[in-house]
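Trainee: Got a structure for you, written out below as structure tokens; questions coming shortly.
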Amino acid sequence: MVEAEGHLIDSQLMNAMFDTVVRHDAAFDVLEFRIGRTNEEPSFVSMRVTAKGPAALTELLEELVGLGCRVARPADAQLTPADRDGCAPEDFYSTTNHRTFVRLGGEWVEADKQRMDAAIVVERGRPSCRKLRDLRVGDAVVCGVRGVKIVPEFQERDRHGFAFMTTEISSERRVEIGVGRIAAMMRAARQAGEKIAVVAGPVVVHTGGGAYFCDLVRGGYVNVLLAGNALAVHDVEQALYGTSLGVDMETGRAIEGGHRHHMRAINAIYRAGGLRAAVQQGVLTSGVMYECIRRNVEYVLAGSIRDDGPLPDTIMNLVEAQDRYTAALQGVTLVLVLSTMLHGIGVGNMLPAWVRLVCVDINPAVVTKLADRGSSQTMGVVTDVGLFLRQLASALHEQPV
């Protein structure tokens, strides 16, 4: 028997639960159903589910728990010690990005460091999400679904003014409205002393958005910058040569021999000893990276197989880069993903569901894909990122904190 409570109807979780049972060729019998009588009062459902065998029932329960169900009359969670480094017991509980509770000593205890695709380890009475690679022999790993409860982030009728974005992703939206509401969110976050992270791709520079991004940094609206090698390289190229991939940023025309500029930019930073050293020595005097360094904005550059150079600051060990991204995101309450699909999806996988996530891309498929990878809290704006940053900087300038 399983139970669930919350805004089950508004969030369509009830339908999802029934559909999940049917999809598993199982059956359900609703024993009790109470509908919340106000916008704040939760609904409650209790139902008996049956499947063709123990294995099928276990698989079904795992999916239902992911939707917010819990096994009725729960016992404490089953803890099994890991028998080798980097491996969990076969039946370990794999986390979602929703708030998760583990029953220990008859009490529900919230798991720390919530993220999807992790195991839960209990240490000194506290459950915590941990990547498989970080497990060590003897770690007490939560196994099965008994004694596990998640609380989904229910869709509100007006989600911070973003209800207009909770339907189909489309380019047929008035961007100014979205920009105004994002600006309001950023002002509120800054005023409350909360952290804002930006995940940015090199398109920010290519489209002429770098100057407006610098305005955001100078205005105190960026606390963390997560990017790849390319953003920094082309930002430095623009600062030193006025080009991005050899294209003049003022005229939009390719410069004779400009294709070498990004390599010369990398060479200049190497000669200085890195980005921070280049700023200190007066080699780098403008641009996104310059502003971040001048204002002590934390930044992490994660490398890839295609990177030229890469810059000395770029982390080429991807496991280390993931860990640095995760650490930088601690305490962040709002994330902007600007035209970078892979880094955006990676960051989305690291975030708990209650961190607001805004994805801006000219390709609607990128916005949709981020939401489809489990980051259901994603709010999408389909537009050119350079124009978006120009409008956002203007909106924040018009009504500063």
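The values are calculated or read from the model by the stated rules, or taken from the named source; none is laboratory data. It should be emphasised that the depicted structure is a prediction, and the values quoted were computed from it without experimental measurement. Cβ atoms come from the backbone with ideal geometry, glycine included; neighbour counts cover every protein chain shown.
Trainee: Quick check, is Gly53 crowded, with 18+ Cβ neighbours inside 10 Å and either closer than 24 Å to Ala27 by Cα or assigned by TED's automatic domain parsing to the domain that holds Glu3 (or both)?
Mentor: no
Trainee: Quick check on Leu351: is it crowded, with 19+ Cβ neighbours inside 10 Å, touching a residue at least 60 places away in the same chain (Cβ under 8 Å), more than 13 Å from the chain's Cα centre (by Cα) and within 27 Å of Asp215 (Cβ to Cβ)?
Mentor: It is false that Leu351 is crowded, with 19+ Cβ neighbours inside 10 Å, touching a residue at least 60 places away in the same chain (Cβ under 8 Å), more than 13 Å from the chain's Cα centre (by Cα) and within 27 Å of Asp215 (Cβ to Cβ).
Trainee: In this structure, is Ala82 surrounded by 14 or more Cβ atoms within 10 Å (Cβ to Cβ) and either in contact with a Leu (Cβ under 6 Å, 6 or more places away or on another chain) or in the same structural domain as Leu318 (by TED's automatic domain parsing) (or both)?
Mentor: Yes.
Trainee: Related question: Only one of Arg295, Arg306 is charged (D, E, K, R) and either at pLDDT 95 or above or in contact with a Gly (Cβ under 9 Å, 6 or more places away or on another chain) (or both); which?
Mentor: Arg295
Trainee: May I pose another question? Which of the numbered conditions does Val385 fail, given that it passes all the others? Conditions: (1) under 18 Å from the mean Cα position of the chain (by Cα); (2) under 13 Å from Val199 (Cβ atoms).
Mentor: Result: Val385 passes all but (1).
Trainee: Which pairs have Cβ atoms under 7 Å, sit 6 or more apart or on different chains, and link a residue in segment 184-207 that is assigned by TED's automatic domain parsing to the domain that holds Val222 and buried (at least 22 other Cβ atoms within 10 Å of the Cβ) to one that is outside any helix (DSSP H, G or I) and aromatic (Phe, Trp, Tyr)?
Mentor: Met186/Tyr221
Trainee: Oh, and also: Out of everything in segment 331-384 that is outside any helix (DSSP H, G or I), in contact with a helix residue (DSSP H, G or I) (Cβ under 8 Å, 6 or more places away or on another chain) and among the charged types (D, E, K, R), what residue ends up being nearest to Leu13 (Cα to Cα)?
Mentor: Ranking the qualifying residues of segment 331-384, first place goes to Arg373.
Trainee: Val175: within 21 Å of Val366 (Cβ to Cβ) and buried (at least 20 other Cβ atoms within 10 Å of the Cβ), yes or no?
Mentor: no
Trainee: Give just the number: which of (1) under 31 Å from the mean Cα position of the chain (by Cα); (2) surrounded by fewer than 17 Cβ atoms within 10 Å (Cβ to Cβ); (3) of a type in the set (S, T, N, Q) does Asn267 not satisfy?
Mentor: (1)
This table checks each residue for (1) modelled with pLDDT of 95 or more; (2) in a strand (DSSP E or B); (3) closer than 24 Å to Phe44 by Cβ.
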position	(1), (2), (3)
Ile120	yes, yes, no
Arg133	yes, no, no
Gly138	yes, no, no
Ile150	no, yes, yes
Glu172	no, no, no
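Trainee: Please go through segment 13-38 and give me each residue that is part of a loop (DSSP other than H, G, I, E, B) and surrounded by fewer than 13 Cβ atoms within 10 Å (Cβ to Cβ), ordered by number.
Mentor: Asp25, Ile35, Arg37, Thr38
Trainee: A follow-up question, please. When you scan segment 58-73, how many residues do you find that are out of contact with any His (no Cβ under 9 Å at 6 or more places or on another chain) and surrounded by fewer than 17 Cβ atoms within 10 Å (Cβ to Cβ)?
Mentor: Here the count works out to 4.
Trainee: For the structure I just gave you, tell me whether Met249 is within 24 Å of Leu392 (Cβ to Cβ), at pLDDT below 95 and in contact with a helix residue (DSSP H, G or I) (Cβ under 7 Å, 6 or more places away or on another chain).
Mentor: yes
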